[in-house]
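Everything on this sheet refers to the single structure shown next.
Every number in this text was worked out from the coordinates using simple rules, so none of it is lab data. Because the structure is a prediction, the values reported are computed rather than measured. Here the Cβ positions follow ideal geometry from the backbone for every residue, glycine too, while neighbour counts run over all protein chains shown.
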Amino acid sequence: MKKTTFLISLFAIISHIATVAQQQKISPARKLQIAEFAISHLYVDTVDENSLVETAIIKMLEQLDPHSTYANPEEVKKMNEPLQGNFEGIGVQFNMAEDTLLVIQPVVNGPSEKAGILAGDRIITVNDSSIAGVKMKTDEIMRRLRGPKGSKVKVGIIRRGINEPLSFTVTRDKIPVHSVDAAHLIQNGIGYIRINNFGATTVKEFNDAMKKLQKQGMKDLILDLQGNGGGYLNAAVELANEFLGPKELIVYTEGIRSPRNSFYAQGTGNFQKGRLIILVDSYTASASEIVTGAVQDWDRGIVVGRRSFGKGLVQRPVDLPDGSMIRLTIARYYTPTGRCIQKPYESIEKYNEDLINRYNSGEMSNADSIHFPDSLKYRTKRLERVVYGGGGIMPDYYVPVDTTRYSNYHLQLSAKGAILKATLNYVDKHRNELKNRYKSFEDFDRHFTVPQELTDALITAGKEAGVTYNDKEYKHSQSLIHTQLKALVARDLWDMNEYYRIMNRENESVQKALQLLKEEDFEGLMTKKQAARPNKTKHN
């Protein structure tokens with residue numbers, strides 16, 4: 001009886017609030033609060049209030065723009081780890097091979113290496129619980145292996161050549177997450193640095209790589225930002241500072257409720273004079289576009305590749321008490337000439353389909369299909385070259401996607417993971433033999449050719465994944481497939497740096513950069529070719 005009386009009273013209160021609300025204007029926030037209060041106290045069934053509120057937040061943010069998002073506490077932690085430059089765990093590079101965690105390489109001087117875990121080991125148990133052959137998700141395996149610095153985890157391992165499983169107790173520690181994938185001399189005097197994101201350690205890693213390459217005789221630099229989805233604004237500003245002179249504008253942000261905020265180079269960078277080429281593609285976004293736009297607008301270097309993604313919205317993190325976070329768009333990025341990096345997003349559906357539409361429109365294979373209106377024309381700071389706004393950074397030298405070298409068979413092998421699986425199994429079987437035969441990467445690079453055993457394993461792995469062998473298509477793509485196989489073998493024996501040393505021989509943008517650096521009049525190259533032709537049809 002008391003409960004019924006309480007509910008009647010509660011309903012009366014809510015009805016009274018609703019009546020008052022009809023008579024006088026209330027804020028949207030108060031209206032939302034009343035709705036949640038009514039649902040949680042009057043709804044016929046039990047309600048998960050946390051889920052209800054999270055769904056409401058997500059739906060509200062979806063009405064704003066493509067990059068205002070909500071993340072729960074676990075998602076926040078995962079999102080921050082790559083940008084913070086470290087996480088806490090056991091320190092192994094791994095791949096899942098036939099439902100088993102295969103150690104590619106233990107992190108140098110990391111906790112696993114110190115405990116005695118070797119490349120090629122298979123981790124089958126964690127704290128006596130099986131993780132192999134039970135179809136456990138990779139995220140769940142990582143959750144079990146990671147943990148606070150100083151904590152211990154027991155792992156069971158199968159090692160080739162050892163009949164009995166081995167047991168190791170690993171003391172977890174901070175594991176570095178690197179931004180620089182590769183750094184080496186690609187030719188005499190030409191350095192190559194590839195950055196995969198912009199995090200807390202990016203600029204330090206870049207400078208360390210620069211100093212090493214300069215000692216080896218580097219004069220010119222190819223900075224590879226292909227596939228780099230961005231990261232911290234400050235990291236982008238600090239990296240751009242390495243190339244620009246004092247008081248040169250790098251980027252500015254501005255929004256209706258966010259006054260203009262400008263970021264300038266200090267002129268303290270380590271590479272203000274050498275010739276510079278930046279590589280971009282359709283997945284180059286955000287912080288990467290800030291660096292690229294600044295270099296292009298100041299005529300500091302040449303941009304090569306394909307039009308970048310066009311992500312120029314500034315998000316401010318709004319931390320919530322439970323560890324969750326709202327990333328709310330508060331401003332837009334603008335390059336030094338005033339170009340807005342952000343591509344249009346009037347329709348979220350069209351925005352999400354933009355990259356597919358670039359293929360369908362012919363943009364990825366033909367520069368002549370790309371048109372910009374005169375209203376989006378800007379002039380660079382020094383040479384007054386024409387560049388265009390409207391979303392993304394259009395390169396100075398466009399490099400189309402070469403689809404002629406690919407075949408459907410090759411694409412299916414890659415998509416189904418057959419190439420990776422065949423390589424992992426081959427290296428696992430022959431690791432010691434390969435290490436003994438090739439004492440250095442240079443030796444491997446000169447003498448290793450893809451053996452028939454690996455080719456047969458690839459075809460078999462393809463069939464197991466449902467890819468029917470096609471001899472004609474295999475031969476059509478054979479050179480590219482063998483390069484990929486060799487690069488993956490090198491990665492598993494050494495690291496990503498060696499992978500890119502091989503794969504970049506097949507990368508059209510890298511090869512175009514090398515070609516341009518052979519020209520004597522480097523600055524003149526900037527004025528010889530324009531990014532795109534003006535056209536009255538607006539570019540989407």
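Quick notes on this one:
- Peptides 245-258, 285-298 ordered by packing proxy, namely the average of other Cβ atoms within 10 Å per residue, highest first: 285-298, 245-258.
- Peptide packing for 484-496, 451-463 was compared via the average number of neighbouring C-beta atoms within 10 Å per residue; ordered from the highest value, the list is 484-496, 451-463.
- Across the chain, Cα-Cα distances exceeding 38 Å account for 41% of all pairs.
- For region 348-445, the C-alpha radius of gyration sits at 1.75 times the compact-globule guess of 2.2 N^0.38 Å, with N the residue count.
- Summarising the overall dimensions of region 183-222 from its C-alpha atoms, the Rg and Dmax are 10.1, 31 angstrom.
- Computed over region 202-282, Cα set: Rg, Dmax in Å: 14.2, 49
- Taking N as its residue count, the alpha carbon Rg of region 108-216 over 2.2 N^0.38 Å: 1.41
- Taking only the Cα atoms of region 404-512, the ratio Rg/Rh comes out at 0.96, with Rh defined as the Kirkwood radius.
- The 3J(HN,Hα) values that the Karplus relation (6.51, -1.76, 1.60; θ = phi - 60°) gives for region 397-403 are, in residue order, 10, 7, 10, x, 6, 8, 7 Hz. Gly and Pro appear as x.
- Packing-based ranking, highest mean first, of 318-324, 354-360 given that Cβ atoms within 10 Å are counted: 354-360, 318-324
- Convex hull of Cα atoms in region 156-297, direction-averaged projection (nm²): 13.5
- Alpha-carbon spread of region 219-362, three principal axes, descending order, Å: 46, 42, 28
- Cα gyration tensor shape for region 291-332, rounded if a/c is under 1.5, else prolate or oblate: prolate
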